[in-house]
Structures are given as C-alpha cells and as structure tokens.
Amino acid sequence: MRRRNLQHDLPRTARERMVREGMSLSSNIVAAVGKAFGARVVCWGREGSTGRARAAGFEVAKSREEFFAGADIVSLHLPLNKDTRGIVTRDDLARMKPTALIVNASRAGLIADGALVDALKAGRPGMAAVDVYEKEPVLGASQPLLKMDNVICTPHLGYVTRESYEEYYAVVVDDIVSFAAGKPSNVLNPSAIGKK
C-alpha cells in the first residue's frame, strides 16, 4: 500500500474536510458547496429525490444516461439496500468522461461488483475517490483500488473529525462512570439491569 493514496490523520473540522474532500456530508450540503464554487449541480435519482432536488433549486438530468455522460464529478449519496445494490452499473461508468471523477463515501455495494476497478482501468471514469470497499476491513493492502494511481482512498473514516470522536467517547466514558456508580444512563433495555 502506498501511503500517498491513504488518508491517515483526522481533519480538524467538517468545514475543512468539505473544502478539501467534500465526500461524506449529506448530498444537499455537497450540492450547495458545489454550487457555491460555481459548479453546475445536476441530480439524478428516484422521483422523491429528484422532486426534492428541484424544490431546492437544483437541475435534474433528463435521463440516467445523460447524467453519467455529462458529469465531471459524480458523488454518491444513497443508503445500501435491495433497491440500490449495484445501482451504478458498468454501463453507467463506461458512459463517464475520461476526465470525470466518481466519489463514493456511501457504500461500496452501490457500484456493481468489480465494476469500478475495471472502469478505472479502462479510463472511464478517469478518477475515483473512495472511502468504502467491497470487502472491509481492508487488510494487507488487498484492495485493488489502493494500488491504482488514479484513485484516492480513505480507510472508511471520511466522515470522522477529531471533534466527533471526542464527543462520542465522552458520552461512552460518562455512561461507564454512571454505570459503575450504580446510576446507569442512556440504557436502551432497562429491564435487563439487575438480571443475573
């Protein structure tokens, strides 16, 4: 694994990350940032998503084919479920420009298995930025994307900031201290307390 392709530290704030990477924020914020930097933001998705995009003042592509063929940057913002697994196909990627970038910080399964590596080798799209992988955790640099010069990889922590970790761990430590003092807090199943 080449160190230059893998983020190894935590950014100080979400605002800094948004400008540097713009990967793990909600699609509305990413779109607003793109627009603020002069990008023409075009959306594609299901009826509900495209309706919300129009209501927010964003353009919606006339077709899926137009969306992928015309994009300079595609940023994925979807949950992974039975309807979205493999929603980005080999054909979609092949339509992208050789100068285009695809960003996936959502779920690897949104892109058809093996399609991203093959597409990047074929040069369409020309680049990728990923924070999620088909097989996680990535051990021993076994992920092919880590070896590609046209990919920026982060170790599934693109959303993480130092402040968010401090907040998460502070809550956990407070809960442990409360439990040890006999005053449990944030208990999801209170009926389980005191059972042996």
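The values are calculated or read from the model by the stated rules, or taken from the named source; none is laboratory data. These figures come from a predicted structure and were not determined experimentally. Methodologically, a virtual Cβ is constructed for each residue, glycine included, from the backbone with ideal geometry; neighbour enumeration extends over all protein chains shown.
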Please work out which residue is nearest to Asn104 (Cα to Cα), limiting yourself to segment 1-52 and to residues that are of a type in the set (Gly, Ala, Ser), at pLDDT below 50 and crowded, with 18+ Cβ neighbours inside 10 Å. Ser24
Do we find that Lys195 is over 30 Å from Leu116 (Cα atoms) and at pLDDT below 85 in this structure? yes
Taking segment 163-196 and keeping only residues that are β-branched (Val, Ile, Thr) and in a helix (DSSP H, G or I), one is left with Val171, Val172, Val173, Ile176, Val177
Segment 96-125 residues that are under 23 Å from Leu80 (Cα atoms) and free of Cβ contacts under 8 Å to residues at least 40 places away in the same chain, paired with ones that are among the β-branched types (Val, Ile, Thr) and assigned to a loop (DSSP other than H, G, I, E, B) (beta carbon under 7 Å, 6 or more apart): Asn104/Val132; Ser106/Val132; Arg107/Val132; Ala108/Val132; Leu110/Thr84; Leu110/Ile87; Ala112/Thr89; Ala115/Thr89
Would you pick out the residues in segment 66-92 that are among the aliphatic types (A, V, I, L, M) and more than 17 Å from the chain's Cα centre (by Cα)? Ala69, Ala71
Inspect segment 161-183 for any residue being surrounded by 14 or more Cβ atoms within 10 Å (Cβ to Cβ), within 17 Å of the chain's Cα centre (by Cα) and more than 20 Å from Phe67 (Cα to Cα) and give the result as yes or no. yes
